[in-house]
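Presented below is the structure to which this report refers.
No lab work stands behind these numbers, since they all come straight from the coordinates. Worth saying up front: this structure is predicted, and the values here are computed from it rather than measured. For neighbour counting, all protein chains shown are included, and Cβ atoms are generated from backbone atoms with ideal geometry for every residue, glycine included.
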């Protein structure tokens, strides 16, 4: 089973909608709550990143027998130095994003901490792709 | 609470939500069904990214950040109790989302510092 969501850049009122829907499905599947929390925290951070930094994006959640695969792809400015972006505390977020309680340079490292597998690719001027896998 | 040179020794204990409401002159905005729940821990932050790094779920979030993302963060973190400092304005959308997710929201006129101090003194444990 898989579900897809479109995410609009800058629309903080909707940030978290996809993560919330994925949480509902995982609960229905009877997945352990500590695993659900890891999935939705990682996904929510990634979803907020699209809203905060990109023009628009797409989230696909694939529910497999042994875990969940999350694919996030955005059209946006991209990340010029991924190594630096993965450092805790590094952020290029705007004042508006910080006012929403984010943009402290903790999102990407937190995604990595919660994921069993995590890859990130980015092209400046085009966008960013994240692949996340979390075992049940 | 005992004071010893550079440290404070607090006798930690679980607290009932309705007692917390009383101690902070709070007003319950939604989630009244949680009033008799007991909690052990609290965490004060306006930084939702920091809240999202916590592995525990059974705690009270004390925050000055009154927007939809503080409720979303609670939803994603599986936390059931939010205490908003300084009588921050709460939108209908926040109440709706909190109610749908079974989250209690309390509003206090006190600052985050005063709220945290009162509840720490009363026995709530810090997460760190």
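Listing for the model above:
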item: Test set (1) more than 14 Å from every other protein chain (Cβ to nearest Cβ); (2) over 21 Å from residue A:15 (Cα atoms); (3) under 11 Å from the mean Cα position of the chain (by Cα) - residue B:120 fails condition number; result: (3)
item: Residue in region B:82-95 that is surrounded by 24 or more Cβ atoms within 10 Å (Cβ to Cβ) and at the interface with chain A (Cβ under 7 Å from one of its Cβ atoms) present; result: no
item: Residue in region B:54-65 that is within 16 Å of residue B:120 (Cα to Cα) and away from chain A (no Cβ under 14 Å) present; result: yes
item: Tally of residues being more than 9 Å from chain B (Cβ to nearest Cβ), free of Cβ contacts under 8 Å to residues at least 24 places away in the same chain and in a loop (DSSP other than H, G, I, E, B) across region A:77-118; result: 6
item: Yes/no for residue A:50 being assigned to a strand (DSSP E or B) and crowded, with 24+ Cβ neighbours inside 10 Å; result: no
item: Members of region A:19-47 found to be assigned to a helix (DSSP H, G or I), touching a residue at least 40 places away in the same chain (Cβ under 8 Å) and either away from every other protein chain (no Cβ under 11 Å) or within 10 Å of the chain's Cα centre (by Cα) (or both), listed by number; result: A:26, A:35, A:39, A:41, A:42, A:43, A:45, A:46, A:47
